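Read through the structure below, which is laid out as structure tokens, and then see the notes.
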Amino acid sequence: MDITRQQRHGVLFYACMDPAWRGAAHGFSTRLGGISPAPWDSLDLGANRGDDPANVRENFVRFCAAVGTDARSLVKNHQVHSDLVRPVTRADIQSDPAAPGVYEADGLVTDEPGVCLTIFSGDCIPVLLYDPVRRCIAAAHAGWRGTALGIAARAAEKMCGDYGCRPADILAAIGPGIGPCCFETHVDVPDGLRGGLGVEADPFIHPLSRAGKYQVDLKGANRRWLELAGLDPDHISVCDACTACRLDIFWSHRVQGNARGSMAAMIQLLPTP
């Protein structure tokens with residue numbers, strides 16, 4: 001199951017187009033297809049980046065139309081780089097697509113159709129989960145701290161523990177984010193990953209010739225967390241696009257700092273036929 005680049009209604013995004021995902025509209029945004037001016041040009045989906053809320057609102061309408069979700073049904077998180085996963089319902093839907101997220105959590109989960117789970121990124125790793133059998137979805141924001149804490153696995157575990165999902169039924173899509181080619185760190189990141197994954201972290205940590213410097217594969221580490229949570233490796237799709245490499249279609253916090261927009265990943269259960 002590959003995550004592929006798509007373009008619809010002038011909006012560029014990534015999604016898993018395998019038929020197994022048909023019951024869940026979803027997508028990972030790029031920076032292309034919106035109306036925001038520089039430095040947010042053009043599909044800025046961030047409520048707190050200084051962009052005009054009218055631009056952000058229209059950008060959400062365009063992105064949701066492209067991926068098949070509903071801009072009137074968004075539930076957003078307020079990211080705190082944790083392993084907290086919050087169950088949400090239709091009662092949590094925000095009235096304005098341009099409003100910031102209010103729920104302090106790095107994961108959202110629901111089994112209610114018509115609730116559009118929405119998380120944000122600008123190098124961090126977005127993870128979307130879908131159980132087509134139990135009809136349950138989750139979205140997780142995995143920065144390096146969240147990756148070290150296993151936020152993707154915590155989301156899958158929440159689906160199983162609270163909603164009755166089976167790990168073998170869950171599909172996972174790990175979206176665009178910074179790759180090991182560009183994620184150069186000090187020892188705190190490898191230490192954090194080893195604190196969570198133990199020796200399982202070692203394949204994703206690559207020492208550089210400069211003392212105290214490492215390249216780290218956050219996507220690979222999140223994939224491993226999901227495997228340890230019981231997901232079938234064949235059910236885990238990983239996007240190879242690096243946000244720091246491709247500034248023509250993504251924003252990168254590491255490269256651009258705060259002079260940028262925000263990307264989003266979203267997933268919404270569709271009504272049963």
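The values are calculated or read from the model by the stated rules, or taken from the named source; none is laboratory data. What you are looking at is a predicted structure, and each value in this text was computed from that prediction instead of being measured. Cβ atoms come from the backbone with ideal geometry, glycine included; neighbour counts cover every protein chain shown.
Condition check ((1) modelled with pLDDT of 95 or more; (2) under 13 Å from the mean Cα position of the chain (by Cα); (3) closer than 21 Å to residue 228 by Cα; (4) not in a helix (DSSP H, G or I)) across all residues:
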| position | (1), (2), (3), (4) |
| --- | --- |
| 112 | yes, no, no, yes |
| 117 | yes, yes, no, yes |
| 127 | yes, yes, yes, yes |
| 133 | yes, no, yes, yes |
| 137 | yes, yes, yes, yes |
| 140 | yes, yes, yes, yes |
| 147 | yes, yes, yes, no |
| 155 | yes, yes, yes, no |
| 158 | yes, no, yes, no |
- How many residues are in contact with a helix residue (DSSP H, G or I) (Cβ under 7 Å, 6 or more places away or on another chain) and either in a helix (DSSP H, G or I) or under 30 Å from residue 249 (Cα atoms) (or both) when one looks only at region 160-169? 2
- Item | Filtered residues of region 65-89 (kept if surrounded by 24 or more Cβ atoms within 10 Å (Cβ to Cβ) and of a type in the set (Ser, Thr, Tyr)) | 69
- Could you say which residue among 92, 44, 111, 52 is within 28 Å of residue 259 (Cβ to Cβ), of a type outside the set (A, V, I, L, M, F, W, C) and surrounded by 16 or more Cβ atoms within 10 Å (Cβ to Cβ)? 44
- Counting just the residues of region 12-33 that are under 18 Å from residue 119 (Cβ atoms) and touching a helix residue (DSSP H, G or I) at 6+ places or on another chain (Cβ under 7 Å), which one comes out surrounded by the most Cβ atoms within 10 Å (Cβ to Cβ)? 29
- residue 66: among the aliphatic types (A, V, I, L, M) and either without any contact (Cβ under 8 Å) to a residue 12 or more places away in the chain or farther than 20 Å from residue 225 by Cα (or both), yes or no? yes
- Expected output for region 95-124 (first residue within 15 Å of residue 264 (Cβ to Cβ) and touching a residue at least 60 places away in the same chain (Cβ under 8 Å), partner of a type in the set (Asp, Glu) and surrounded by 24 or more Cβ atoms within 10 Å (Cβ to Cβ), Cβ below 8 Å, 6+ apart or cross-chain) is 119/106
- Item | Breaking point among (1) out of contact with any Lys or Arg (no Cβ under 9 Å at 6 or more places or on another chain); (2) at positive phi, for residue 156 | (2)
- Item | Filtered residues of region 215-245 (kept if more than 16 Å from the chain's Cα centre (by Cα), outside any helix (DSSP H, G or I) and without any contact (Cβ under 8 Å) to a residue 40 or more places away in the chain) | 215
- Enumeration of residues in region 231-273 that are closer than 25 Å to residue 196 by Cβ, small (Gly, Ala, Ser) and either at pLDDT below 95 or in contact with an Asp or Glu (Cβ under 9 Å, 6 or more places away or on another chain) (or both): 237, 244, 252
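Each row is one residue, and each column tells you yes or no for (1) under 23 Å from residue 153 (Cβ atoms); (2) under 17 Å from the mean Cα position of the chain (by Cα); (3) part of a loop (DSSP other than H, G, I, E, B); (4) of a type in the set (D, E, K, R).
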{"site": "6", "(1), (2), (3), (4)": "no, yes, no, no"}
{"site": "26", "(1), (2), (3), (4)": "yes, yes, no, no"}
{"site": "60", "(1), (2), (3), (4)": "no, yes, no, no"}
{"site": "80", "(1), (2), (3), (4)": "yes, yes, yes, no"}
- Expected single match for in a helix (DSSP H, G or I), surrounded by 14 or more Cβ atoms within 10 Å (Cβ to Cβ) and either of a type in the set (A, V, I, L, M) or in contact with a strand residue (DSSP E or B) (Cβ under 7 Å, 6 or more places away or on another chain) (or both) among 264, 201 is 201
- Mind checking which residues of region 170-191 are in a helix (DSSP H, G or I) and under 20 Å from the mean Cα position of the chain (by Cα)? 189
- Hey, residue 190 hits all of (1) touching an Asp or Glu at 6+ places or on another chain (Cβ under 7 Å); (2) without any contact (Cβ under 8 Å) to a residue 40 or more places away in the chain; (3) buried (at least 17 other Cβ atoms within 10 Å of the Cβ) but one; which does it fall short on? (1)
